[in-house]
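One structure below.
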Ligand SMILES: C[S@@+](CC[C@H](N)C(=O)[O-])C[C@H]1O[C@@H](n2cnc3c(N)ncnc32)[C@H](O)[C@@H]1O
């Protein structure tokens, strides 16, 4: 009786009922909708190339990678280079380069990271209170951040115009010789460098360029979201909140 009433209400409002057997759940996202990207023949090879970059580790974040691949593909219709701030082993950027057949493209992909993990004194008092510093310290001592620059360079060596840049954001950004950016991926898990990267690179982003904010709505990353919101408001940018936890701006 109750079940049939719920079904009738759901049908009236066109709301999908949650069927735990059938639903998609991964990476903090649960949905009754279909991962249509599974039928894209280029998705799995790209995802597998990401796993290879990560030395066989699968973080199980397919839908996030799908969003990154889609925005990178769309960014090909915009002029400029691609930039990632926060590369680590290069999962997402390797997946993108595989997906876009990077050697057939005449663009640079700038891959910026300390390759020594996060900069601990960049965390704000609020981030420290929220436990972000402790999480970073634990990740550093568990060697979760890649520090082997040669390994990263070897990973990207199959692609031309892949520039691995070691340095700290925001300071390193002014040394990059990039006049136009079509795609920017920000993924440093810390509010100060993320908001500074958005602010610094904004004037270089071509009209229609894509900015993907990896942790924008992700649980535990509220300080990043707040800092990015403040910068976006100043710049007149509007962030789309995605159920994957990412944020997306189209300039
Ligand atoms: C979550 S990981 C990036 C993951 C990567 N995008 C992927 O696809 O797997 C965060 C990275 O940001 C880097 N990072 C943090 N703060 C940074 C800063 N201020 N400048 C440069 N890199 C930074 C860390 O070294 C780490 O490798």
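The values are calculated or read from the model by the stated rules, or taken from the named source; none is laboratory data. Only a predicted model underlies this, so the values are computations on that prediction, with no experimental measurement involved. Positions of Cβ are generated from backbone atoms using ideal geometry, with glycine treated the same way; all protein chains shown enter the neighbour counts.
What to note about this one:
- Search result, residues across the stretch 154-165 that are away from the ligand (no atom under 13 Å from the Cβ) and part of a strand (DSSP E or B): 162, 163
- Take the conditions (1) more than 12 Å from the ligand (Cβ to nearest atom); (2) crowded, with 21+ Cβ neighbours inside 10 Å; residue 221 misses just one of them, which is (1).
- The residues of the stretch 86-115 include none that are loosely packed, with under 15 Cβ neighbours inside 10 Å and touching a strand residue (DSSP E or B) at 6+ places or on another chain (Cβ under 8 Å).
- Taken together, the residues in the stretch 116-127 that are within 23 Å of residue 227 (Cα to Cα) and either surrounded by fewer than 22 Cβ atoms within 10 Å (Cβ to Cβ) or modelled with pLDDT under 95 (or both) amount to 8.
- Hits in the stretch 154-165 (condition: under 15 Å from residue 89 (Cβ atoms), surrounded by 15 or more Cβ atoms within 10 Å (Cβ to Cβ) and out of contact with any helix residue (DSSP H, G or I) (no Cβ under 6 Å at 6 or more places or on another chain)): 156
- Residue match in the stretch 52-61 (condition: farther than 30 Å from residue 203 by Cβ, within 14 Å of the ligand (Cβ to nearest atom) and buried (at least 24 other Cβ atoms within 10 Å of the Cβ)): yes
Let's see how each residue does on (1) more than 13 Å from residue 186 (Cα to Cα); (2) modelled with pLDDT of 95 or more:
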{"site": "204", "(1), (2)": "yes, yes"}
{"site": "215", "(1), (2)": "no, yes"}
{"site": "219", "(1), (2)": "yes, no"}
{"site": "248", "(1), (2)": "no, yes"}
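- All of 91, 109 fail the test of being more than 8 Å from the ligand (Cβ to nearest atom) and within 21 Å of residue 156 (Cα to Cα), apart from 109.
- Condition met for residue 74 (within 14 Å of the ligand (Cβ to nearest atom), surrounded by fewer than 20 Cβ atoms within 10 Å (Cβ to Cβ) and either without any contact (Cβ under 8 Å) to a residue 12 or more places away in the chain or in the same structural domain as residue 159 (by TED's automatic domain parsing) (or both)): no
- One residue alone among 168, 139 is surrounded by 16 or more Cβ atoms within 10 Å (Cβ to Cβ) and either within 15 Å of the ligand (Cβ to nearest atom) or at positive phi (or both), and that residue is 168.
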